[in-house]
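What follows is calculated from the coordinates using simple rules that are stated; it is not laboratory data. What you see is a predicted model, and the numbers here were worked out from it, not measured in a lab. For neighbour counting, all protein chains shown are included, and Cβ atoms are generated from backbone atoms with ideal geometry for every residue, glycine included.
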Amino acid sequence: MGDSTDSPAKLLDPYPLTPAERAALAQVHRRAVQCRQIIIAHASQSASWQVPYLEEYASRSEQVFGKLESGELPVGMANKLSLESDRKLREDLADARALNNALNNTGHPEGVRLQEAQRQRTSEELLIQSSQIAAAQTAPRMPSTYCGWQGNTLNCANLTNLRTY
């Protein structure tokens, strides 16, 4: 959330949401969808080049929400996937902005606000710390679900039905 309560532990949580957490997530999600619609509508009017990237981001967010709400995705994995999706949006917008500036010969790089830069650094540090903690655990527990982005699609595999001989 970028509210200074973030920690690597939030990226390592192996459990799905509780019913109360699911209800709270559903409430927050409804508001987030409304905000996203407003942002995309505004971008359509003032910066149409951003719209495809915002729509892809919304699609990724919906996939994470769906799997988290259904219990298919543990909280830590959902948090990691959300951070990766946020990073992809920032990179896509930065690349498109640079291309847009080059095509328009503006020569004015779009600066990143100080708070946004700090939020990006904090997110990166959390990802690194969670990976280090997971690697340092003496008896690593095999997660039951692995997920990752393939393009703009979230692919997950559940290992609970696999056996070792």
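What lysines could a cross-link reach from Lys88, if we take a straight Cα to Cα line under 19 Å and drop same-chain neighbours fewer than 8 places away?
Lys80
Would you grab the residues whose amide H sits under 5 Å from the one on Thr145? Only those 5+ places off in sequence or on another chain, please, with H modelled 1.01 Å from N.
Leu159
So for the pair Ala26, Ala135, with labels modelled 7 Å out along Cα→Cβ, what separation do we get in nm?
So the two model labels end up 4.1 nm from each other.
Give me a comma-separated list of calculated 3J(HN,Hα) values for the stretch 30-47, in order, Karplus coefficients 6.51, -1.76, 1.60 applied at θ = phi - 60°, integers in Hz, x for any Gly or Pro.
4, 5, 5, 5, 4, 4, 4, 4, 5, 4, 5, 5, 5, 5, 4, 8, 10, 8
Counting only residues 5 or more places away or on other chains, whose amide H sits under 5 Å from the amide H of Leu154 once H atoms are built in the peptide plane?
Result for Leu154 returns nothing.
Arranged from highest to lowest average of other beta-carbon atoms within 10 Å per residue, in what order do the peptides 75-83, 62-70 appear?
The densest-packed peptide leads the list: 75-83, 62-70.
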